[in-house]
Amino acid sequence: MKGEVARRQRVLRVRHVQHAMAVAETARARDEAESIARNAERLRKVRGDLFSGNGAATGATFASMQELAGRLEQAGRQLDGALYDARRKVEAKEGLTLAANRDREIAEKLKDRARADLEQWRENKLAALPRYRRMQRTGDV
């Protein structure tokens, strides 16, 4: 009986570590997604600010600004794809976190049940002893 409680406690510790790792991975994935979103927003601002200047532009300057705007637009589309992938990764990690939390809760309940069974076994064993032995065990003598 004691061995079962110890095994359940070990499983609970493992499940707790797995849950903590899943939470950390989820946080890391969220940070990555937020970073990509910030970069995409900064890229949109830069592209928007590119043509907002009041100065007169020559044909060469305008052509280079147009080329830069095209490259910025392409980079923005790539970041949108990366952001989509990052958000999907966050959803997957959140699912793993929920599964790890469920496993941890199950392990905790099993450990509590094993501990209760051990206590019940001890009480039954003590109740089965003759009266004089019970008094010796509990210290009444």
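Each value in this text was obtained by applying a stated rule to the coordinates, not by laboratory testing. In this text, all values refer to a predicted model and were calculated from it rather than measured experimentally. Because the Cβ atoms are built from the backbone with ideal geometry, glycine has one as well, and the counts that use them run over all protein chains shown.
Data overview
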quantity: Candidate aspartates and glutamates for bridging to Lys125, where Cα separation is under 16 Å - those fewer than 8 sequence places away on the same chain excluded; calculated: Asp117
quantity: Vicinal HN-Hα couplings computed from phi for the stretch 32-45 (Karplus, 6.51 cos²θ - 1.76 cosθ + 1.60; Hz; Gly/Pro x); calculated: 5, 5, 5, 5, 5, 5, 5, 5, 5, 5, 4, 5, 5, 5
quantity: The stretch 15-28 - phi-based ³J(HN,Hα) in whole Hz, Karplus 6.51/-1.76/1.60, Gly and Pro as x; calculated: 5, 5, 5, 4, 5, 4, 5, 5, 5, 5, 5, 5, 4, 4
quantity: Hz values of 3J(HN,Hα) by residue in the stretch 90-103 - Karplus curve (6.51, -1.76, 1.60), Gly and Pro given as x; calculated: 4, 4, 5, 5, 5, x, 5, 5, 5, 5, 5, 5, 4, 4
quantity: Over the chain, relative contact order from alpha-carbon pairs under 8 Å, at least 6 apart, %; calculated: 48
quantity: Overall form of the chain per C-alpha gyration tensor (a/c, 1.5; a/b vs b/c); calculated: prolate
quantity: Surrounding net charge for Lys111, when Lys and Arg each add one and Asp and Glu each subtract one, Cβ distance under 12 Å; calculated: +4
